[in-house]
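Asker: Got a structure for you, questions after.
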Amino acid sequence: MNAIEPRTDLQDEASLQLDANGKLRHLLTLKGLDKGLLIDMLDDAEGYLTAPGSQPARSRVLAGRTVANLFFEASTRTRASFDLAGKRLGADVLNLDVNTSSRKKGESILDTIYTLEAMQVDVMVVRDASAGVPAYIARHVLDHVSILNAGESDVSHPTQGLLDVLTIRQHKDSFENLAVAIVGDIRHSRVAMSTSQALTTLGVGELRLISPAVLAPDPESVPGAIISDNLKEGIRDADVVMALRIQRERIGNLDGIPGIDEYFANFGISHESMMHAKPDAIVMHPGPMNRGIEIEGSLADGPRSVITRQVTNGVAVRMAVLDRVGKTMAAR
Ligand code: CP
């Protein structure tokens, strides 16, 4: 596949995603996103949730629009939920099979994008292993097209960040009084980045990022966070504990990464390690999970776990984001 242009203007992403009237046109990052807009999207997502066992919420807000899912990296949750979200809002949804697409014949990503634009695609949902791809595409599409970042290298996964803070908001009273511990491979995790950014914008009391030293983040990428390699101290009296898997697909050299047993003993979220968190602490995981490595299976399936709730919220959040960019489109 063709290389993209160097990423030179990261700081412009937050402003690039708003149109001239300050409305959301693209969702590229949660960094720098206005707190009011973030809360509005969480409120909108709540409106797309229905009681368990009842039919999912539907609307025709995207009737006549076309959404294309372009996943140049593997996905279950994000891809399936964008697919369902688009259909439940009345859009035509195209899931491009990247493995049989002409990108395999050397077509550039922009030629793929221009081809879909010519087919009157309105929204492109993009996941890619390279940093900068969603913003790069956003800078090249026609004025009426929206780009939604569905996972960008180790940089950003904004809809995951939204669904994570929505899930926390549903279980806890106020962000200001919360201690949130994110545990695992922070360095390579776009989820850690976006969820941390959302929590910071919402004024979380304490954000703790816990990992083996070799998987610790660059402190400048997470201003204000407490970075620790001590699980027991890191989750002490935490209200929320989120486990992350080791992102092996983004780690070139596995030297220094603890083996499975050592990792689980020192960084695994288990019934035993959760004894250090608050008694009412919730357990989260963005998925996919590696049971017995970063999380004990019976804890993930138990009453403290809100992992399936995260998945449910993922559809609602993606409906809220699609709805919002659809309304921005309609107002043009
Ligand atoms: N959490 C998440 O992004 O999962 P998928 O890779 O399955 O989409």
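Asker: Could you list, in sequence order, all residues of segment 289-332 that are buried (at least 16 other Cβ atoms within 10 Å of the Cβ), in a helix (DSSP H, G or I) and free of Cβ contacts under 8 Å to residues at least 60 places away in the same chain?
Answerer: The answer is 299, 300, 307.
Asker: Could you go through segment 141-152 and let me know if any residue there is acidic (Asp, Glu) and assigned to a helix (DSSP H, G or I).
Answerer: Within segment 141-152 (the criterion being acidic (Asp, Glu) and assigned to a helix (DSSP H, G or I)), the answer is no, since none of the residues qualifies.
Asker: If the requirement is being buried (at least 24 other Cβ atoms within 10 Å of the Cβ) and away from the ligand (no atom under 16 Å from the Cβ), which of these qualifies: 186, 147, 137?
Answerer: On the way: 186 fails: away from the ligand (no atom under 16 Å from the Cβ); 137 fails: buried (at least 24 other Cβ atoms within 10 Å of the Cβ).
The unique qualifying residue is 147.
Conditions tested, residue by residue: (1) assigned to a loop (DSSP other than H, G, I, E, B); (2) at positive phi; (3) free of Cβ contacts under 8 Å to residues at least 60 places away in the same chain.
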| site | (1), (2), (3) |
| --- | --- |
| 43 | no, no, yes |
| 46 | no, no, no |
| 50 | yes, no, yes |
| 57 | yes, no, no |
| 69 | no, no, no |
| 85 | no, no, no |
| 115 | no, no, yes |
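Asker: Mind listing just one residue for me: the one in segment 242-270 that is of a type in the set (D, E, K, R) and surrounded by 14 or more Cβ atoms within 10 Å (Cβ to Cβ) and, of those, farthest from the chain's Cα centre (by Cα)?
Answerer: Here is the first cut: in segment 242-270, the ones of a type in the set (D, E, K, R) are 245, 248-250, 255, 261-262.
Still in the running and surrounded by 14 or more Cβ atoms within 10 Å (Cβ to Cβ): 245, 250.
Numbers: 245: 14, 250: 16 Å.
In this case the residue turns out to be 250.
Asker: Moving on to the next point. For residue 57, indicate whether it is at pLDDT 95 or above and in contact with a Leu (Cβ under 6 Å, 6 or more places away or on another chain).
Answerer: Details: at pLDDT 95 or above: yes; in contact with a Leu (Cβ under 6 Å, 6 or more places away or on another chain): no.
Considered against the rule, which asks whether it is at pLDDT 95 or above and in contact with a Leu (Cβ under 6 Å, 6 or more places away or on another chain), residue 57 comes out as no.
Asker: Go through segment 87-132 and count every residue that is charged (D, E, K, R), closer than 14 Å to residue 73 by Cα and crowded, with 16+ Cβ neighbours inside 10 Å.
Answerer: Summing the residues that are charged (D, E, K, R), closer than 14 Å to residue 73 by Cα and crowded, with 16+ Cβ neighbours inside 10 Å in segment 87-132 gives 3.
Asker: Also, I was wondering about something else. Would you please name the residue that is farthest from the ligand (Cβ to nearest atom), looking only at residues in segment 71-83 that are touching a residue at least 60 places away in the same chain (Cβ under 8 Å) and of a type in the set (D, E, K, R)?
Answerer: 73
Asker: Restricting to segment 272-288, name every residue that is more than 16 Å from the ligand (Cβ to nearest atom) and either outside any loop (DSSP other than H, G, I, E, B) or small (Gly, Ala, Ser) (or both).
Answerer: First, pick out the residues of segment 272-288 that are more than 16 Å from the ligand (Cβ to nearest atom): 272-282.
273, 274, 275, 276, 277, 281, 282 - these are the residues of segment 272-288 that are more than 16 Å from the ligand (Cβ to nearest atom) and either outside any loop (DSSP other than H, G, I, E, B) or small (Gly, Ala, Ser) (or both).
Asker: Please indicate, with yes or no, whether at least one residue in segment 109-125 is under 15 Å from the mean Cα position of the chain (by Cα) and either within 16 Å of the ligand (Cβ to nearest atom) or modelled with pLDDT of 95 or more (or both). Break it down stepwise before answering.
Answerer: Residues of segment 109-125 under 15 Å from the mean Cα position of the chain (by Cα): 125.
Right, trim to either within 16 Å of the ligand (Cβ to nearest atom) or modelled with pLDDT of 95 or more (or both) and you get 125.
Yes; the residues of segment 109-125 include at least one that is under 15 Å from the mean Cα position of the chain (by Cα) and either within 16 Å of the ligand (Cβ to nearest atom) or modelled with pLDDT of 95 or more (or both).
Asker: Another question, then. When the residues of segment 241-258 are filtered to those that are part of a loop (DSSP other than H, G, I, E, B) and free of Cβ contacts under 8 Å to residues at least 40 places away in the same chain, which remaining residue is nearest to residue 182 (Cα to Cα)?
Answerer: It comes out as 254.
The values are calculated or read from the model by the stated rules, or taken from the named source; none is laboratory data. Small disclaimer: the values here were computed from a predicted structure and weren't measured. Positions of Cβ are generated from backbone atoms using ideal geometry, with glycine treated the same way; all protein chains shown enter the neighbour counts.
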